[in-house]
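The values are calculated or read from the model by the stated rules, or taken from the named source; none is laboratory data. None of the values given here were measured: they were computed from a predicted structure. Note that we place each Cβ from the backbone using ideal geometry, even for glycine, and neighbour counts take in every protein chain shown. Ligands, DNA and RNA are stripped out before the accessible areas are found, and what is left, the full protein with its side chains, is counted by its heavy atoms. Shrake-Rupley method; radii C 1.70, N 1.55, O 1.52, S 1.80 Å.
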Amino acid sequence: MRKKVRNIIISGVLFCIAAISGYLYKKNSMLKELPVYESTAMYPKLTLPQLADKASYIINAKVINVGDTINNEVPVSLTGNPDDIAETLYTPVTPVTLKIISKLKGQINKDTITYYEDGGITPSYVQLPDGYAMEEGMEIIIFLNDAGYCWGAQSIFPVTDNSVILNNTALEYVDSKDVSVINKDNIKQDIKNQIDSDKVKVTDKEKFISDINLLVG
């Protein structure tokens, strides 16, 4: 009897593995067939102090789930009057669940928050986000508004082995003596694939968080 139950359990596990493998194969095949477009999102250029001032939330977090892409309704007024809506445009956004490691700004009464990444996978095309595409397991420091949106690449800072990957926005503010250069090959796989250059500039995570805390006050 035990042997029979064991065989049933093993068969069930194998079926699940096969189903997951089939789903992933189908998804990857679908992505290869779809056209890919660059981000169309437009953000005002902000300094790090401006980002810290505008953000409702600044968090150090880990990506625990990347949801299905949804269409975000954007009402368009040709007169500038928000009550005079001429049409509604739809832009893809992808809900990303972040598990909070530490809160640098903003009151959040739970240990997760939803970040809405611009772009995603639609039935007819793939829209890339402005900056890093979130993947499960990624650690980031991110600046968000009260609706869960960021300001594109300038407001996302990946973390790898306790080092923060800096963009031009941060490099204009962080003291140069606190900046070092590492080889792309030493970066975690989930981030490495999204970096074009062979070397990146980084700073210590705790030092970067300290700089942000000074900005937040």
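Odds and ends about this structure:
- Any hit, region 53-60, residues being loosely packed, with under 10 Cβ neighbours inside 10 Å and either at pLDDT 90 or above or under 24 Å from Pro95 (Cα atoms) (or both): no
- Of all residues in region 164-199, those that are more than 21 Å from Lys54 (Cβ to Cβ), modelled with pLDDT of 95 or more and touching a strand residue (DSSP E or B) at 6+ places or on another chain (Cβ under 9 Å) total 6.
- Residue check, Tyr115 buried (at least 21 other Cβ atoms within 10 Å of the Cβ), under 18 Å from the mean Cα position of the chain (by Cα) and not in a helix (DSSP H, G or I): yes
- Residue within region 128-141 that is touching a residue at least 12 places away in the same chain (Cβ under 8 Å) and within 12 Å of Ala55 (Cβ to Cβ) present: yes
- Identity of the residue in region 168-210, assigned to a helix (DSSP H, G or I) and touching a residue at least 40 places away in the same chain (Cβ under 8 Å), that ends up farthest from Tyr132 (Cα to Cα): Glu206
- Subset of region 157-166 (residues that are part of a loop (DSSP other than H, G, I, E, B) and under 12 Å from Phe208 (Cβ atoms)): Asn162, Leu166
- Check on Tyr125, at pLDDT below 95 and either in contact with a strand residue (DSSP E or B) (Cβ under 8 Å, 6 or more places away or on another chain) or open to solvent by less than 40 Å² (accessible area, probe 1.4 Å) (or both): yes
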